[in-house]
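The values are calculated or read from the model by the stated rules, or taken from the named source; none is laboratory data. Note that the structure is a prediction, hence the values are computed from the model and not measured. Virtual Cβ from ideal backbone geometry, glycine too; neighbours counted across all protein chains shown. Ligands, DNA and RNA are stripped out before the accessible areas are found, and what is left, the full protein with its side chains, is counted by its heavy atoms. Shrake-Rupley method; radii C 1.70, N 1.55, O 1.52, S 1.80 Å.
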Amino acid sequence: MSDQPAPITDEMPEEWVTELVGHIEAGGHDIADAHESAVVIRLTPASRNVLATDDSDRLFVIGWADDGDIHWGLSIDGAHVPVLHALGGDCPSSIATRAHRVLTTGRPVPRDVRHAVPYAAVSKGCRCPAVYPCGGIVPDARCEEHGDRRSPAMEWHWEANCPPPTR
């Protein structure tokens with residue numbers, strides 16, 4: 001038995017494709033192609049960095065496999081996905097949320113990481129890494145704005161309890 005999931009070959013209902021694309025675009029991602037077999041997202045430099053992609057991987061593909069599960073993988077052309085990973089989700093909005101999390105954190109489910117949403121707008125000098133989907137930060141000790149303060153004015157929460165995306 002192999003750990004590799006079944007290939008993406010099954011088809012999503014057309015209504016799901018339309019709704020999934022809407023949620024993904026609302027999350028700020030650029031759709032390269034969408035049809036019943038797969039939804040293809042263009043990788044940004046930030047998402048390529050998070051996913052540690054090869055130079056040739058430019059696309060993020062979401063699709064249903066014969067095993068009935070939803071998977072994702074990286075692709076050069078959007079048609080060939082050599083390695084699949086479980087994405088999960090039981091409706092278009094949860095699939096889009098998981099895809100957004102993979103594209104911004106490298107994993108489809110949250111970790112127990114405590115992070116914050118600053119009350120004041122983050123300046124361009126902020127060195128703290130952004131945390132998604134909430135758009136909050138994990139304070140960096142070297143950040144002049146957030147790291148050297150014992151108690152910066154922020155609303156703290158666990159990643160598992162992230163509020164919906166604000167963008």
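Can you work out which of the residues in the stretch 5-48 that are part of a loop (DSSP other than H, G, I, E, B) and β-branched (V, I, T) is modelled with the lowest pLDDT?
Restricting to residues being part of a loop (DSSP other than H, G, I, E, B) and β-branched (V, I, T), the top hit is T9.
What's the number of the condition G28 fails, among (1) under 30 Å from W158 (Cβ atoms); (2) surrounded by 15 or more Cβ atoms within 10 Å (Cβ to Cβ); (3) in contact (Cβ under 8 Å) with a residue 60 or more places away in the chain?
For G28, the exception is condition (2).
Can you say whether S2 is at pLDDT below 80, surrounded by fewer than 16 Cβ atoms within 10 Å (Cβ to Cβ) and out of contact with any Lys or Arg (no Cβ under 6 Å at 6 or more places or on another chain), as far as the supplied structure shows?
Taking the combined requirement at face value, the residue satisfies it.
Within the stretch 49-167, considering only strands (runs of 3 or more DSSP E) that don't extend past its boundaries, which have at least 2 residues that are modelled with pLDDT of 75 or more and either open to solvent by less than 20 Å² (accessible area, probe 1.4 Å) or acidic (D, E) (or both)?
59-64, 70-75, 154-158
Return the total of residues in the stretch 62-110 being touching an Asp or Glu at 6+ places or on another chain (Cβ under 6 Å) and within 18 Å of G135 (Cβ to Cβ).
Final tally of qualifying residues: 1.
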